[in-house]
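Report on one structure; see the data block that follows.
The values are calculated or read from the model by the stated rules, or taken from the named source; none is laboratory data. Just so it is clear, the structure is predicted and the values come from calculations on it, not from any experiment. Please note: Cβ atoms are built from the backbone with ideal geometry, for glycine as well, and neighbour counts cover all protein chains shown.
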């Protein structure tokens, strides 16, 4: 199976993977539509605005209580949990990695690019070469200074071993990586890569590790240091006294606890066993809103749970059928019925927070048009099988609602529900004719790289349109922001008119916290618990 994704491992017990323990779309994270930063070409390649410096300035950390032991909970772990920042698959893996390690840059809670270990990443003459400049004065937990050698080691480790973060490195020529000075790395590409920043920032697992890294001895630059770890149960990390961000973190320790099901997770929050519960369901949020000592947070994200239609297999190899299926969906009704209202309407195109997202795209239910298209395709009274599984919030419920809505156009959808391990097994995942998947928010070209190219690791629809592939190459090659936006809009129009995804909604992330803590916020990307930003949590 793909090891660079959020999907369950084949040896992971199915009962441990409930709807809340969903395998997040951690094919990276951070960096929107190309960053705009210092340097003319960097700005020209960007579409996300100027990247902000990493959070944690003295003004941001003033007058907050310090100390205390923070405890947070999630579901979905197993005995296969890992502390290797380049092999993680689950939300729990990410929560640990985000505490111990740090990337060069990433998307913050506002889905905006934010430099972390890097102070600048810019094209060197063209987008076929990039320069990474690190912040100075940063040390790993063992006291070793962060240098260019560590970046080269990290990128080489990920790419050569085909670890979790390999995909966003795309055409990076790891053999050609060159140290220009102690804090600067030249990154050559085998082809122009204008979305390099999008990919770097979006992929959560591009955490920088020291040369000679041993995953059995966690050593990062993050706000917390390793103390203990029991796979499938809990992790305990303590405050990094030499953390490079002034005044952070606030708490003395963070304990990340894995719960076997959503009920026990909710109960742990209500009874005070934990201070934060991540990735809850709509019904739980409704109940917790009236619970004393608890505050709920709904994050309106760009996360998607698409229905996936294989464009290379009947009946979905006919674009008329694909468009008809999209027109069957009453999106507001699906959101209300399947997602308890915790979502916003989508129009079958991803990445709503990307500055290059085409906001003119809208799609409403049109049964008459759906019937007309099915007749044109010779598929009146169509019968199809939809494979569903409780792999993410609302997947099974969304399938049930779609089945009901499709009947209005004479389409019969037979549901086949399987357990998550079966769903994501190598023999099945990416092979289902009509199914589902889920992704956290990403910039548009990052989503394209993940799932809409023949080279994508998660091309569930088997989408392979030559013109679309050529447009993607053009978008990555251009250094002109307006030209790139035009190209991306053309690609999105192809998605809208011909694609194999049904994206009815952008799914909200639902978390709840004890009123004893503060420092969290809503987060647009889709990661639980304020993107696991535990360094800013504090007790009140």
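Quick notes
- Condition met for residue 166 (in contact (Cβ under 8 Å) with a residue 24 or more places away in the chain, more than 25 Å from residue 524 (Cβ to Cβ) and within 18 Å of the chain's Cα centre (by Cα)): yes
- Residues in the range 400-415 that are in contact with a helix residue (DSSP H, G or I) (Cβ under 9 Å, 6 or more places away or on another chain), free of Cβ contacts under 8 Å to residues at least 40 places away in the same chain and either within 20 Å of residue 430 (Cβ to Cβ) or not in a loop (DSSP other than H, G, I, E, B) (or both): 404, 412, 413, 414, 415.
- Residue among 462, 489 that is touching a residue at least 60 places away in the same chain (Cβ under 8 Å) and assigned to a loop (DSSP other than H, G, I, E, B): 462
- Hits in the range 260-286 - residues which are at pLDDT 95 or above, over 17 Å from residue 528 (Cβ atoms) and in a helix (DSSP H, G or I): 267, 270
- Failed criterion for residue 391 (all others in (1) in a loop (DSSP other than H, G, I, E, B); (2) closer than 29 Å to residue 429 by Cα; (3) at pLDDT 95 or above hold): (3)
- Residues satisfying the stated conditions in the range 235-253, i.e. crowded, with 17+ Cβ neighbours inside 10 Å and either more than 16 Å from residue 68 (Cα to Cα) or under 23 Å from the mean Cα position of the chain (by Cα) (or both): 235, 243, 244, 245
- Checking each residue in the range 386-406 for being farther than 26 Å from residue 75 by Cα, in contact with a strand residue (DSSP E or B) (Cβ under 8 Å, 6 or more places away or on another chain) and surrounded by fewer than 21 Cβ atoms within 10 Å (Cβ to Cβ) picks out only 403.
- You will find that of 127, 147, 154, the residue that is in contact with a helix residue (DSSP H, G or I) (Cβ under 8 Å, 6 or more places away or on another chain), over 24 Å from residue 524 (Cα atoms) and surrounded by 19 or more Cβ atoms within 10 Å (Cβ to Cβ) is 127 and no other.
- Across the range 209-221, not a single residue is classified as part of a strand (DSSP E or B), surrounded by 24 or more Cβ atoms within 10 Å (Cβ to Cβ), touching a residue at least 60 places away in the same chain (Cβ under 8 Å) and under 23 Å from the mean Cα position of the chain (by Cα).
Condition check ((1) touching a residue at least 12 places away in the same chain (Cβ under 8 Å); (2) part of a helix (DSSP H, G or I); (3) within 20 Å of residue 215 (Cα to Cα); (4) more than 21 Å from the chain's Cα centre (by Cα)) across all residues:
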residue	(1), (2), (3), (4)
95	yes, yes, yes, no
99	yes, yes, yes, no
121	yes, no, no, yes
128	yes, no, no, yes
152	yes, yes, yes, yes
158	yes, yes, yes, no
188	yes, no, no, yes
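- If you go through the range 492-525 and keep only what is closer than 30 Å to residue 321 by Cβ and part of a loop (DSSP other than H, G, I, E, B), you end up with 499, 500, 503, 504.
- Selection of the range 55-73 for residues being exposed (fewer than 13 other Cβ atoms within 10 Å of the Cβ) and either modelled with pLDDT of 95 or more or part of a loop (DSSP other than H, G, I, E, B) (or both) yields 62, 63, 67.
- Condition check for residue 512: modelled with pLDDT under 95, buried (at least 18 other Cβ atoms within 10 Å of the Cβ) and touching a helix residue (DSSP H, G or I) at 6+ places or on another chain (Cβ under 9 Å): no
- Test: residue 132 is under 22 Å from residue 226 (Cβ atoms) and crowded, with 20+ Cβ neighbours inside 10 Å: no
- Of the helices (runs of 4 or more DSSP H) lying entirely inside the range 292-385, none contains at least 2 residues that are at pLDDT below 95 and either within 30 Å of residue 521 (Cβ to Cβ) or in contact with a strand residue (DSSP E or B) (Cβ under 9 Å, 6 or more places away or on another chain) (or both).
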